Each structure stands twice: as C-alpha cells, then as structure tokens.
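J.: Pasting in a structure now, in structure tokens, and then I'll have a few things to ask.
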Amino acid sequence: MSSAEIHAIERWSDFMKSRGIVLVLAAACTAVACSDGAVDIGDDRDSTTRGEKLSDYDGAWNGYSEAYVFDLAGDSDRMRLAIDAAGNATLQVGEGAATTPAIDPDVAPFGPWSVGTADLARLTAGFRYPLHDLRVEDRRLRFVIDPTDVLRDWCQAQTPIFDPAYATYGCRLGRSFSTYDDGTCTVFDLASPNNEVEMDCGKAFLCSAGESLCACDATSCDAHAWPELLTEVDLALSADGDEMSGTLLTSLNYVPQRISLRFSR
C-alpha cells in the first residue's frame, strides 16, 4: 500500500471519528434538552424561599402543645390556627366548635376570673383569639396573643361610672368586694340600705374602679392593656411547607413558661 493510500485512510478515519463525536453530542443534547439558555433541571425556588412570605403560612392548621394542657379548655392540648394571605388570623384552644362569649353586661363571660384564680394569662376554650403583630422574620412566623381579648366586647358593653372615692372611672363603684360561701358577691355602695349591693362575682372582679381588666374613662370602657399578660408565639415552617413547630412563651402564675408547639395542615 502506497503512502498516499495510507494517508487517505487516516484522514477518513479521523473524519469518521469526528462525525461520531458530533452524533454523540447531538444525542446528549436531545436527552437533556440543550438550548442557548441555561439547562432546566427543575425549579427549586419554592423550597429555597419557602417561609419568607406570609402567604406561605396561610391555611387551616391543627396542632397541639407538648407536655402542657389548657385547663380552661377541658385539659386539652389541642390548638387550631387559621391564617389567610391577607393577614387575618386566629388561634383557638380546646376541642369543639368555636364559640362567641355571651354579652350580658351584668354577668362576666367565662374565664380565669370566674374560676377562682387571677392567673389571667390562661387561654379560654372555644374563643378565637386574634393574632397581633403577625409577621414573618428570618423565615419564621411570629405573633402575639392577648388573653384579655376574650373580654373586649364585654368591657365595651359596660357603662362608665365615676367613683368619687378614687376620683376615677370604672364599671362599678369601689375596688374591693366580698365573697360568700354560697358563691355570691357584694360590693360596697353607700346608697344602698346596708351599704352593700349583690353583684356577679366575675363583674365584681373585672370592674373595680381604677385598677381592673376593664378600663373606663368618662365616655367608654374597653379591655385594659396588660403587656405582662401577652403571649408570644414563634413558629418555623418545614421544608415541604406542611408542618410548623416552635414555642409559645407565656407567664403562668407569674412565672415565664416556654411551651413547645406542633402544627400540620
């Protein structure tokens, strides 16, 4: 075989090798959908940014508290959280359907003041507590619960009464009251024949002049602001967006307590 023939064969071999490489590359591009732009290997934006927006948390959440029960909710650990993308949100503890406290200005609604304790940070079953200062920080959902919100409508239904003994307004006269074994209560009133007037014990507790859970001025009453009663909640969203876990920080019997929470939807 002449040198020219050998050279021709080598050139042909090189040509076919190059054609083979082109075919392999073409097949590879077909498999992964090559284009002039970036290769699409799946959009993971949701998983990498999930939890940054309030809308990531919207929906109905069922949860429970770990190693803690709400005694004013039938010793239940159940919690229900409802949030929409507009920021409307509530938290409810206990079993059963949501309830709205009855508004009888002369009878206080059910709460820690009606069961012989002044531990006012305890949450009441059935009431949908509105969430205050609802926000997302560091990819965590944070909000505040005000236990006195259960009283707001009832306090607003009260009539302000000026008490000259204390030169201030309340929804009854005086600050002290008497409790009897039969479950009745009386408050001091000089205008009555025996200087005492019978009153619902819950109202007697909530409406003392000057220092009460219902704060009044000359024109109206409302739930008193007690910053030390506020309950703070901090929750983190799971990677799939279907679970949340975190803590509830409250003060029970005037001792700070951190309670673990878990939710799913």
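No lab work stands behind these numbers, since they all come straight from the coordinates. Note that the structure is predicted; figures quoted are calculated from it, not measured. Positions of Cβ are backbone-derived with ideal geometry, glycine not excepted, and every protein chain shown enters the neighbour counts.
J.: Just rank 203, 53, fewest to most, by other beta-carbon atoms within 10 angstrom. If you can, show how the numbers build up before the last one.
T.: Values: 203 25, 53 12.
Fewest-to-most Cβ neighbours within 10 Å comes out as 53, 203.
J.: Still on this structure: Per residue of region 87-100, in order, report the coupling 6.51 cos²θ - 1.76 cosθ + 1.60 (Karplus, θ = phi - 60°) as ³J(HN,Hα) in whole Hz, putting x for Gly and Pro.
T.: Whole-Hz 3J(HN,Hα) from phi for region 87-100: x, 7, 7, 9, 10, 10, 10, x, 7, x, 6, 5, 10, 10.
J.: Taking the Cβ of residue 162 as the centre, find all other residues whose Cβ is under 12 Å away and add up their charges (Lys, Arg: +1; Asp, Glu: -1). Before the final figure, lay out the partial values.
T.: Numbers: positive: 172; negative: 163, 217.
It works out to a net charge of -1.
J.: On to the next question. What list do you get for 172, 265, 258, 78 if you sort them by fewest beta carbons within 10 Å? Before the final figure, lay out the partial values.
T.: Values: 172 24, 265 15, 258 11, 78 18.
Ordered by Cβ neighbours within 10 Å, fewest first: 258, 265, 78, 172.
J.: Rounded, prolate or oblate: which fits region 68-120 when a ≥ b ≥ c are the square roots of the eigenvalues of the alpha-carbon gyration tensor, with rounded for a/c under 1.5 and prolate only if a/b beats b/c?
T.: Taking the square roots of the gyration eigenvalues as a ≥ b ≥ c, region 68-120 is oblate.
J.: Next question. Provide the FRET efficiency to the nearest 0.05 for the residue 85-residue 224 pair, computing r from the beta carbons and using R0 = 30 Å.
T.: Working: r = 33 Å, r/R0 = 1.08.
Step by step, r from the Cβ atoms, then E = 0.40.
J.: From the backbone phi of region 247-253, what are the Karplus-calculated ³J(HN,Hα) couplings (6.51 cos²θ - 1.76 cosθ + 1.60, θ = phi - 60°) in whole Hz, Gly and Pro given as x?
T.: Values per residue, Gly and Pro as x: 9, 10, 10, 9, 10, 10, 6 Hz.
J.: Please rank 146, 234, fewest neighbouring Cβ atoms within 10 Å first, as an exposure proxy. Please report the intermediate quantities before stating the final value.
T.: Numbers: 146 20, 234 17.
Ascending number of Cβ neighbours within 10 Å: 234, 146.
J.: Mind checking the full-extension length gain between residue 179 and residue 240? Use 0.36 nm per residue of separation minus the Cα-Cα distance, one decimal, nm. Intermediate values should be presented prior to the final figure.
T.: Numbers: separation 61, 0.36 × 61 = 21.96 nm, distance 5.48 nm.
Here the segment from residue 179 to residue 240 would lengthen by 16.5 nm.
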